[in-house]
């Protein structure tokens, strides 16, 4: 059978773009459909604008710290409008680069919403295309509960385009999106309350990390209300939004962010109708080679149940292109994926938490340290840095590394190479540290 394309990709986010370009480099005829802006969540409304806002939120503290080193500044003033303009310019620049890269690779971009008609046919706004292989790379989308007044809340997708910076904001949720926005907005001058139904924020992270970050955020003035369910939102007469709970708790805010999770963007794609198996959360079930239950259809990125991280989607995209067109199948490995949460202080981690490690290994050696960084000996700030290594006692292999503090993500990126390579604690100890740095603590913990 002759197909229009060798590969048709649905979704032009980071994973979809990477897959398309790699496949085209192998000589495949490739098309990619996108119903919104090329670049997807990461470029348009996720990683990139988020990190830019993180930078913006930290300048106030850095200027305050500089006073202890002899610097003097006038009164600072943050302009939300100016930041949005600068952010929009950078996002537009990146979207343009992605578009140029696709064109230079010979990939055809098909604008519009795509629906899978059969194992080899895609419909995009009424026009049909056939392909030997179809890949779903549509990512995930914010999930909002069906409660009274939910229409008054923002999701993370709208937060970067708020008309103005809220003076008071209520954030519902306790995951990484909730705590990142809490720290960013507090750093810009907003009063922030977190409403979280669990006992502690950041479920899934190491317990020591969770507790350390929660304490640090509280010291910054962020109010974390745990075991707090929200039953309704109500628009009040003074143009504020009231959060209400079954226990009688309430709070009034200029804006409310709901960050209670994301769901795979699989609805309305026609997948179940042609036999593609989804899990109970709507994620596409794939094997280690990104293959679905239908042999001609594959899936990568957040639309699967794999770690919802841009580098994971990009890596899996490259491996899939290699399997389909490079004739060199390699299985994806998500055993030791480093990750960061851009709170202030910053979190970064790789490998296992202590709790998970205790379920797999008979005995552990756990090393922890907490210290006041050299920076704050003159800044006067009481902020501390936290580090932790989890070690399998039998093999002495480092199976988990965790950090909370300035530049944690930059430091853990390097540590991840060692942990992924199976380095032992003795090899950490034999490494000479760079002094004076925070990172040297990872090779001096005894």
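The values are calculated or read from the model by the stated rules, or taken from the named source; none is laboratory data. The structure presented is a predicted model; accordingly, all values stated were derived computationally and were not measured. Every residue, glycine among them, receives a Cβ derived from its backbone with ideal geometry; neighbour counts consider all protein chains shown.
Please work out if residue 311 is assigned by TED's automatic domain parsing to the domain that holds residue 407 and either part of a helix (DSSP H, G or I) or in contact with a helix residue (DSSP H, G or I) (Cβ under 9 Å, 6 or more places away or on another chain) (or both).
Taking the combined requirement at face value, the residue does not satisfy it.
For residue 287, state whether it is crowded, with 17+ Cβ neighbours inside 10 Å and more than 23 Å from residue 146 (Cβ to Cβ). Let's see the steps before the verdict.
Numbers: crowded, with 17+ Cβ neighbours inside 10 Å: no; more than 23 Å from residue 146 (Cβ to Cβ): yes.
No.
When the residues of the range 284-305 are narrowed to those that are in a loop (DSSP other than H, G, I, E, B) and touching a helix residue (DSSP H, G or I) at 6+ places or on another chain (Cβ under 7 Å), which ends up nearest to residue 34 (Cα to Cα)?
Looking at the filtered set, the residue picked out is 300.
Is it the case that residue 329 is over 19 Å from residue 46 (Cβ atoms), out of contact with any strand residue (DSSP E or B) (no Cβ under 9 Å at 6 or more places or on another chain) and without any contact (Cβ under 8 Å) to a residue 24 or more places away in the chain?
The answer is no for residue 329.
What number of residues in the range 194-250 are surrounded by fewer than 20 Cβ atoms within 10 Å (Cβ to Cβ) and either at positive phi or in the same structural domain as residue 345 (by TED's automatic domain parsing) (or both)?
Residues in the range 194-250 being surrounded by fewer than 20 Cβ atoms within 10 Å (Cβ to Cβ) and either at positive phi or in the same structural domain as residue 345 (by TED's automatic domain parsing) (or both): 5 in total.
Hey, can you tell me all the residues within the range 390-409 that are surrounded by fewer than 20 Cβ atoms within 10 Å (Cβ to Cβ) and over 17 Å from residue 209 (Cα atoms)?
393, 394, 395, 396, 397
Within the group 409, 348, 401, 426, which residue is part of a helix (DSSP H, G or I) and under 22 Å from residue 175 (Cβ atoms)?
Only one candidate passes the filter, namely 409.
Could we say that residue 82 is at pLDDT 95 or above, over 30 Å from residue 244 (Cα atoms), more than 24 Å from the chain's Cα centre (by Cα) and in a helix (DSSP H, G or I) here? I'd like the intermediate steps shown before the answer.
Working: at pLDDT 95 or above: yes; over 30 Å from residue 244 (Cα atoms): yes; more than 24 Å from the chain's Cα centre (by Cα): yes; in a helix (DSSP H, G or I): yes.
Yes, satisfied.
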